[in-house]
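S.K.: Before anything else, here's the structure in question.
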Amino acid sequence: MPPAAYSTITITDGTTTCTLTDGTNYALTMGGWAPQVPVRRASTLGGRPYGPVVESIRINIFGTTAAAALANLQTLMALIDQADRWYKDESVDPVLITYEPQGSELGAAVESLIFGFAGDSGPANLPMSFNDELMIYSISDVELTFVRDGVWYGEPDLTVAPMVPGPVDHPEVVSGTFAESAAHLSPVKLTIADLPDPNVFDTYDAGLLLIASSSNRLQIVDAWTMNAGAFTQDADAAREPQGSGVLVYTPVGTTQAASNTIGLSLEAGKRVGVVAALRNTTGLSTFEVQIRVSGPSGRSAALTQPYHVDASTTEPRIVVLGYALCEEDDYSSVQILATASAASGTLVFDYLGLIVMDDPTSRILAIGPISATQTISSGEESTLSIDPRELTARTPQIRLIGNLFPVTHYAVPEWWRGDAFLLSQGSTIAVSWCARTSSPGTLWRLYDSGAAPLANFGFSRRMAYLVPT
Amino acid sequence: MLQLAIFNTASGLMLADWSERARDVTWTTNAHGDATLTATIPLNPIEAFAWFNLTDLLHMEVNADAEYLWRGRLEDVRLRPDGIAIAALGQWTALGDLPVTDVWSDARTNRWRPLIVDDVPGEAVSDAFQFSQSSRLYIAPRKGELHGQGQVGYLGYEPMTGVTRAAVALDFDYELTAPITWTATADSRDNTWTLDTNIWTLAGNGGTQSGTQTLTFSAADRLSFGLFYDDATPANYTGETGDIYLTITNVHVRTITSIVTAAPIAAAFADAVNSLNPTQLSDASVYIEDPGLDLYEEIYTDADMRAILTRLAALGDTQGQQWEVGVNHIGYLYLRPRGSAGRTWYTDASDIDVERSLGSVWNSVYSRYGDEITATVADTSSIARYGLTRRRAIRSRTTDTTQAQTERDTSLLDTADPLPRASVPVDRVLTPSGAVAPKWLVRSGDTMIVRNLPPETNSVIDRIRMFRIHETSYSAGTDSLEVTPESPPPLLEVLLARAMEAA
């Protein structure tokens, strides 16, 4: 894009806009502003990765009359006040500051949310010449002060739809490449489109989303291939396993048994999250499950904490087994260890999901049931959306959107667990959706035999900048 | 990144995700699992009042990638000018929602009393006996009184009001001195003293008979021992009072047929809490292990289950191991050897606060029991280390020499080289293989090894090189972790507590 001829700074709520560089109503004073640079939030709680900053901008305000100049000042104050009220969850629109630096080649201004007043300060310090200069229809050297999101966001990068491979036979890992590489942690909106008619399934028992920065950090392992000893294979076709079949552990006693090891191709990391699709088939026994993750030649073996599989249900479950904490090394194999409370019943595995967790872009996001049919009609295909809402809201949003034009219906999950403010860095992203339906409750996955496999994954990322570009 | 969220129930709807909004978020763990969580939530006044007025029982969670880190219920909401301050307590607190009144094993003799005619109308109850219930149960016919099948001297057992568990077992030692015309019995009875079943009968043989009985029977509200002249024709007793007698010692009423250990008590508590408040605690007992220690007297009157379980866990098991009790993330009560579910972590101490005091060192001990004293024993290593012999006397509540010696030796173990007080700030947490781990994974019951202490053995520093963590406190805002090393209770206290259980 051709470089911007001059700098443009606005404060806007989408309806009312104050252009601080228009030279007619507002103008920056000489040396009036340098954008603040944020630091990473120290908090380990989720959400925006960078902390807010306090901006201080010195401007001159003009008008064709004194009243007009005062009105321009008032408009600006009202916007910053509105930002403060929005941040306090009043029902008003959010307010953004936009900035296109002189020479920028992005083709559009970058944007940042204004959070409101800085501490106990008001939105502006007015000069002592305030009263004197009104006769010349100006207010000079007004210092605007407000808190904003530390990050500047570019235009959405609507990319990777469909991803490779697609449509997806979940929980298969899909990956995609953005047009550009993000230098900083940038928020990502994930959509899973063209989901089947929700009336086919009364309730989505939505399961787990595994998200990583690349397919080298996320792998789905077909448990069918891990047969050895007490671990045997079974087709289990009626339950729609994700691969050739399932792995069945039949205990002969109460001592721990080990499956065959299976190769991994995960890149090095220090913490590996493990999920599993499993089923306690009879409820006659309970089981303790651990996963062993090993490096080359069996070194750097690490175990997850024991996970208790109770007898509360004989339907498949998709569960988080925990973390394997490893000395940083390439992971080369994984193994299932199981202990039964009695030599009866069986424990069945469809697949394992492994994800390298030690970077802020990795996620295991559990999404609770979505009772969609109350709001989304028969015949509506729907889209599951996980939206960080980085410029429009204080919290991310997960919802199912019915696509029956012209009316859009929504359904929300009963709960989610995990950080839904998805982030991306670099140029790639990978996702696996480990989901199942509760109706019929016998299936391993989300759809019934004969139904088309879903779905189309899409990512929309706004590039994050620590300094305007 | 972690999630802080609030739900309407543990398995219900998410009401708010406060991850980014919350300030000063700190949570703690202790031996009972998740302990406390505090945070400040900036809100506008309307929202703050809405949350304040919400009296529903709400559920707080901290999750790490969909795995539970901390779970509990919202207990306190305080209005502030800028929002609300919240405090939540871990699921262990549910055991304090109802008191417990019950009997599991009762060895008290003063719970037995002579029955009178009005207690059991229509039955042949007689007061022509001498009774005693102090330290033993004793029934003896009085000289000159009329005795026969219609005149039975009973000592009856009746638990206090509010007890729900019924007696199903009775252990006792007996001594019966009586001619063949006299008979001793034990009976199970209902709550009106009406006879259920005769559970034991022993006829006199002209001499003294003694033995031990362990009886099991169908659930009974009350019990009785009886002695009577087993002849259809009544006659005056001409012998001396005390020549014929039934003595019952070590009487032990149980409400389960097996020995009473902490495991069935814990399981029953979980069941009781679940019955009252199903969302607060699971009734599953899969994580309740059995310490195997026979508990001789477990009687609860409007008692706090948490205090009971904490005491039972502290008694340990038959191998002398300490145990722990609490509630895990999925709301299951656990009872297990202390630290058995813990992980091992390494850290490098950047700063360490250690205090040792000579005043707590006693390396030469003797025990006084009654008017006697044991020999003095000394720990020569401690004397050499400190360059000083410090001697003390302990008082043992026993008349048995061996018991007094054991208590003396245990006291010496506790005090010859006492554990110094220490606090260790944790900057980095490492796994045994050297991998850096998130600090929020560290929990009470885990073991911490400080890697960079001087490699001296048999020293004060060596005593804190490796310790079990008693309590953790993690602040999310600064990613900072504080751990409190465990100070195990002195061995002598545990020994005495267990001795009292068995007495």
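The values are calculated or read from the model by the stated rules, or taken from the named source; none is laboratory data. Since we're looking at a predicted model, the values are computed, not measured. Methodologically, a virtual Cβ is constructed for each residue, glycine included, from the backbone with ideal geometry; neighbour enumeration extends over all protein chains shown. The area values use the complete protein model at the heavy-atom level, side chains included, leaving out ligands, DNA and RNA. Shrake-Rupley method; radii C 1.70, N 1.55, O 1.52, S 1.80 Å.
S.K.: Out of all the residues in segment B:61-69, is one or more away from chain A (no Cβ under 14 Å) and under 34 Å from the mean Cα position of the chain (by Cα)?
M.R.: no
S.K.: Shifting gears a bit: Report whether or not B:ASN236 is closer than 28 Å to B:GLY122 by Cβ, open to solvent by 30 Å² or more (accessible area, probe 1.4 Å) and touching a residue at least 40 places away in the same chain (Cβ under 8 Å).
M.R.: yes
S.K.: Now for a separate question. Is there a residue in segment B:49-60 that is facing chain A (nearest Cβ under 10 Å), among the charged types (D, E, K, R) and open to solvent by 20 Å² or more (accessible area, probe 1.4 Å)?
M.R.: Checking segment B:49-60: not a single residue is facing chain A (nearest Cβ under 10 Å), among the charged types (D, E, K, R) and open to solvent by 20 Å² or more (accessible area, probe 1.4 Å).
S.K.: Quickly run through segment B:72-85 and pick out the residues that are assigned to a strand (DSSP E or B) and open to solvent by 10 Å² or more (accessible area, probe 1.4 Å).
M.R.: Matches in segment B:72-85: B:ARG73, B:LEU74, B:GLU75, B:ASP76, B:VAL77, B:ARG78, B:LEU79, B:ARG80, B:ALA85.
S.K.: Scan segment A:97-121 residue by residue and report those that are over 26 Å from the mean Cα position of the chain (by Cα), under 20 Å from A:LEU391 (Cα atoms) and open to solvent by less than 30 Å² (accessible area, probe 1.4 Å).
M.R.: Once the filter is applied, which keeps residues that are over 26 Å from the mean Cα position of the chain (by Cα), under 20 Å from A:LEU391 (Cα atoms) and open to solvent by less than 30 Å² (accessible area, probe 1.4 Å), segment A:97-121 yields A:PRO101, A:ALA118.
S.K.: Hey, another quick one. Taking A:GLU327, is it open to solvent by 10 Å² or more (accessible area, probe 1.4 Å) and within 13 Å of chain B (Cβ to nearest Cβ)?
M.R.: Considered against the rule, which asks whether it is open to solvent by 10 Å² or more (accessible area, probe 1.4 Å) and within 13 Å of chain B (Cβ to nearest Cβ), A:GLU327 comes out as yes.
S.K.: For segment A:406-430: of the residues being of a type in the set (Val, Ile, Thr) and away from every other protein chain (no Cβ under 14 Å), which is surrounded by the most Cβ atoms within 10 Å (Cβ to Cβ)?
M.R.: Step by step, filter segment A:406-430, then rank; the result is A:ILE429.
S.K.: Which condition breaks for A:ALA124 when tested against (1) open to solvent by less than 30 Å² (accessible area, probe 1.4 Å); (2) touching a Phe, Trp or Tyr at 6+ places or on another chain (Cβ under 8 Å); (3) more than 23 Å from A:LEU391 (Cα to Cα)?
M.R.: It fails just one condition, (2).
S.K.: Something else about it: Only one of B:LEU227, B:LEU215 is among the aliphatic types (A, V, I, L, M), open to solvent by 10 Å² or more (accessible area, probe 1.4 Å) and under 14 Å from B:ILE248 (Cβ atoms); which?
M.R.: On inspection, the qualifying residue turns out to be B:LEU215.
S.K.: Does segment A:385-405 hold any residues that are part of a strand (DSSP E or B), touching a residue at least 60 places away in the same chain (Cβ under 8 Å) and within 14 Å of chain B (Cβ to nearest Cβ), and which are they?
M.R.: A:ILE386, A:ASP387
S.K.: So, in segment A:6-30, exactly how many residues are in contact (Cβ under 8 Å) with a residue 12 or more places away in the chain and either of a type outside the set (A, V, I, L, M, F, W, C) or within 30 Å of B:MET1 (Cα to Cα) (or both)?
M.R.: Residues meeting the conditions: 14.
S.K.: Taking into account only those residues within segment A:338-365 that are open to solvent by 10 Å² or more (accessible area, probe 1.4 Å) and hydrophobic (A, V, I, L, M, F, W, C), which is farthest from the other protein chains (Cβ to nearest Cβ)?
M.R.: Taking the candidates together, the pick is A:ALA343.
S.K.: Hey, can you tell me all the residues within segment A:311-324 that are buried (at least 21 other Cβ atoms within 10 Å of the Cβ) and away from every other protein chain (no Cβ under 12 Å)?
M.R.: The answer is A:PRO316, and nothing else.
S.K.: So for segment B:417-434 (the condition being open to solvent by less than 60 Å² (accessible area, probe 1.4 Å), within 14 Å of chain A (Cβ to nearest Cβ), at pLDDT 90 or above and part of a helix (DSSP H, G or I)), does at least one residue qualify?
M.R.: No, segment B:417-434 contains no residue that is open to solvent by less than 60 Å² (accessible area, probe 1.4 Å), within 14 Å of chain A (Cβ to nearest Cβ), at pLDDT 90 or above and part of a helix (DSSP H, G or I).
S.K.: Scan B:ALA16, B:ALA5 and give me the residue that is at the interface with chain A (Cβ under 10 Å from one of its Cβ atoms), under 19 Å from B:GLY331 (Cα atoms), of a type in the set (A, V, I, L, M) and open to solvent by less than 20 Å² (accessible area, probe 1.4 Å).
M.R.: Answer to the selection: B:ALA5.
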